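The values are calculated or read from the model by the stated rules, or taken from the named source; none is laboratory data. Note that the coordinates shown come from a computational prediction; the quantities given were computed from them, not determined experimentally. Neighbour counts run over all protein chains shown; Cβ positions are idealised from the backbone, glycine included.
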Amino acid sequence: MRLVDRVASRVLGLPPATSAYTVERGLRVPMRDGVQLVADRYSPDGPVRGTLLVRGPYGRGFPFSLFFATAFAARGYQVVFQSVRGTYGSGDEFQPMFREVDDGADTVAWLRAQPWYTGSFGTVGLSYLGFTQWALLADPPEDLAASVVLVGPHDFSRATWGTGAFTVNDFLGWSDLVAHQEDPGRLRGLLRQVTGPRRLGPALDALPLGDAGERLLAGRGRWYRDWVAHPDRSDPWWTPVQLDRALDRSGVPVLLIGGWQDLFLEQTLDQYLRLRDAGADVALTVGPWTHTETLSRGGGLITRESLDWLGEHLAGTGPRSRPARVHVHVTGAGEWRWMPDWPPATEQRTVFLAGGGRLSDTAPGEDAPPATFVADPAEPTPSVGGRLLDNRSGGYADDTALAGRDDVAAWFSEPLPADLEVLGRPVLELHHGSDVGHVDVAVRLSRVDRRGRSRNVSDGYLRLVPGDPGTDPAGGTLRLELDAVAHRFPAGSRLRLVVAGSSHPHWARNTGTGEPPETAVRTVRSTRTVSVAGGASRLLLPVSPAGRTPGPASRG
């Protein structure tokens, strides 16, 4: 393991290790209900800079031990790495995220009673390991000095049902993975990962949603049926995993790490804005990666920034070397850039949807014809790349063929005369009509290069509900906020906008009947109309005033 540490540190470009360390395994941590959770403690042989608490469900071994235990232990931090309830030796049954507030508080109480405790602690971790940090920040302990949250949601109901449609690809796939992660045999586990897409496919395509998932999980992952059965985020059932209060009451310094193609991107950006507005010491880094690429592509930069943050706030070894609050990768330009805040100051550029599939800087006349298409839930428009959990099907992808489908409407701009940088959230005001009340709208903004190849930049998705203000399909103009981006469209490229009725299996299809998603089987086709006359539909882009936001670039 020491050799792995040295090689990994060199590959990641980390500062030199300062200490050897020892590992005490199998510590038993009692919870208030008598259940015991298992933890390992990494102890530096030399002076201890501070204590770190890491809590997660994926085991305490490689690769998580490398990024969240040994990398810090070798640089003077004592690390307590705990398996959450129901995983890897910890007692009780695993019920994702529902017990983390109480269990986190009980773990801190145990931590304080240990003779080796340093008097204050920090937290670090990604994804679920980030959610366990928000569980602590919901009622922050006085001795919590700093947190580093990587691609971690604070509201799991928003992750599953935030658009009104269930994110089936992500969370059926995750449930299948986690339900089998402790099965014996590494080869068997590797085989399950390799064959995952083939095994998941039939379940993702089948109806009803609840039964299809249960057949795949075969008696495991019982939480999945509960998620599917609770589409209403205001249902009190979701309260234990809705931790918005952590963003309003916490004064703990927090470093946030996100990815432009990460499934939790919108929550990471919301966390930054709300913590900033609450007066917290908060910083933000966003890279060009998907959720599962966060450590593989961003591991070195992220660990260096984490060490810097913890050195300032936990170890007290000096001021941060971070030159600005925000550090983002500008895709399309291929560069990292420091910014004083997010979103930066921009100007609004309006691009109109016009007749003939054109995107225009001027509004079309009142006689401009509408665009129409037919959406069939039985044969939904497929997902191509995007903010999916599985980086084999998600992320930036060639989506050229999407605009050629019969079940979409597409618009193209003329080649750009100069570089165009979009920094923030594009907004589509869409005058949309449907002959069926219960439908979804999927939107994609892409970049088309000089050779005609298209690549996704930003997505938006919304489930329309009759009688619901803002999403009523009879309401005329819809306002869809697309994913935030920092992207440069180079001169000579074109913008492409596609509107569809689904993006499956990223989101579970809308059957069109209004029946509960868990049990709906019958599907109804819908005819869609997008009106463009007189500028009825338009794309609003936050663009940098001179094609580029002021601020130093960095190599990252």
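Every listed requirement among (1) aliphatic (A, V, I, L, M); (2) more than 30 Å from Arg225 (Cα to Cα); (3) more than 21 Å from the chain's Cα centre (by Cα) is met by Val427 save one, (3). The one condition from (1) at pLDDT 95 or above; (2) surrounded by fewer than 22 Cβ atoms within 10 Å (Cβ to Cβ) that Met1 does not meet is (1). Of all residues in region 463-498, those satisfying the criterion of being surrounded by fewer than 18 Cβ atoms within 10 Å (Cβ to Cβ) and either hydrophobic (A, V, I, L, M, F, W, C) or within 23 Å of the chain's Cα centre (by Cα) (or both) are Val465, Ala474, Arg479, Glu481, Ala491.
Listed by first and then second residue, the pairs with beta-carbon distance under 7 Å, at least 6 apart or on different chains, first residue in region 302-321 and touching a residue at least 60 places away in the same chain (Cβ under 8 Å), second small (Gly, Ala, Ser) and part of a helix (DSSP H, G or I), are Thr303/Ala71; Thr317/Gly311.
For region 437-448, the criterion of being modelled with pLDDT of 95 or more, outside the structural domain of Glu266 (by TED's automatic domain parsing), within 21 Å of Phe352 (Cβ to Cβ) and over 23 Å from the mean Cα position of the chain (by Cα) is satisfied by at least one residue. Can you list residue pairs whose Cβ atoms sit under 8 Å apart, with the first residue in region 401-430 being free of Cβ contacts under 8 Å to residues at least 24 places away in the same chain and the second being surrounded by 18 or more Cβ atoms within 10 Å (Cβ to Cβ) and in a loop (DSSP other than H, G, I, E, B)? Count only pairs 6 or more apart in sequence or on different chains. That search, which allows pairs on different chains as well, returns Ala401/Val384. Looking across region 183-222, the residues that are farther than 30 Å from Pro516 by Cβ and among the aliphatic types (A, V, I, L, M) come down to Leu187, Leu190, Leu191, Val194. For region 169-184, filtered to residues that are free of Cβ contacts under 8 Å to residues at least 24 places away in the same chain and in a loop (DSSP other than H, G, I, E, B), the residue that is farthest from the chain's Cα centre (by Cα) is Pro184.
Exactly one residue out of Arg225, Arg245 is of a type in the set (Lys, Arg) and either free of Cβ contacts under 8 Å to residues at least 60 places away in the same chain or under 24 Å from Gly86 (Cβ atoms) (or both), and it is Arg225. For Thr317, are the conditions met, namely being in a loop (DSSP other than H, G, I, E, B), over 29 Å from the mean Cα position of the chain (by Cα) and within 28 Å of Leu66 (Cβ to Cβ)? Taking the combined requirement at face value, the residue satisfies it. Exactly one residue among Thr118, Thr132, Thr123 is under 21 Å from Ala315 (Cβ atoms), assigned by TED's automatic domain parsing to the domain that holds Asp281, buried (at least 22 other Cβ atoms within 10 Å of the Cβ) and modelled with pLDDT of 95 or more, and that residue is Thr123. Restricting Ser393, Ser360 to residues that are crowded, with 17+ Cβ neighbours inside 10 Å, of a type in the set (Ser, Thr, Tyr) and in contact with a Pro (Cβ under 8 Å, 6 or more places away or on another chain) narrows the list to Ser393. Scanning region 299-306 for residues that are modelled with pLDDT under 95, under 30 Å from Val168 (Cα atoms) and under 26 Å from the mean Cα position of the chain (by Cα) turns up at least one hit. Could you check how many residues of region 276-299 are part of a helix (DSSP H, G or I) and more than 17 Å from Val328 (Cβ to Cβ)? The number of residues fulfilling the criteria is 4. Residue check: is His327 outside the structural domain of Phe67 (by TED's automatic domain parsing) and closer than 30 Å to Arg6 by Cβ? In short, yes.
Looking across region 36-70 at every residue that is over 24 Å from the mean Cα position of the chain (by Cα) and among the small types (Gly, Ala, Ser), the one that is modelled with the lowest pLDDT is identified as Gly46. Please verify whether region 394-414 includes one or more residues that are in contact with a helix residue (DSSP H, G or I) (Cβ under 7 Å, 6 or more places away or on another chain) and under 26 Å from Asp170 (Cα atoms). Yes: region 394-414 contains one or more residues that are in contact with a helix residue (DSSP H, G or I) (Cβ under 7 Å, 6 or more places away or on another chain) and under 26 Å from Asp170 (Cα atoms). Counting only strands (runs of 3 or more DSSP E) that sit wholly inside region 329-386, those with at least 1 residues that are touching a residue at least 24 places away in the same chain (Cβ under 8 Å) and closer than 19 Å to Gly424 by Cβ are 335-339, 347-354, 358-360. Criterion first (among the small types (Gly, Ala, Ser), crowded, with 17+ Cβ neighbours inside 10 Å and part of a strand (DSSP E or B)) does Gly104 satisfy it? The answer is no for Gly104. Can you name the residue in region 135-168 that is polar (S, T, N, Q) and assigned to a loop (DSSP other than H, G, I, E, B) and is also surrounded by the fewest Cβ atoms within 10 Å (Cβ to Cβ) among such residues? It comes out as Thr163.
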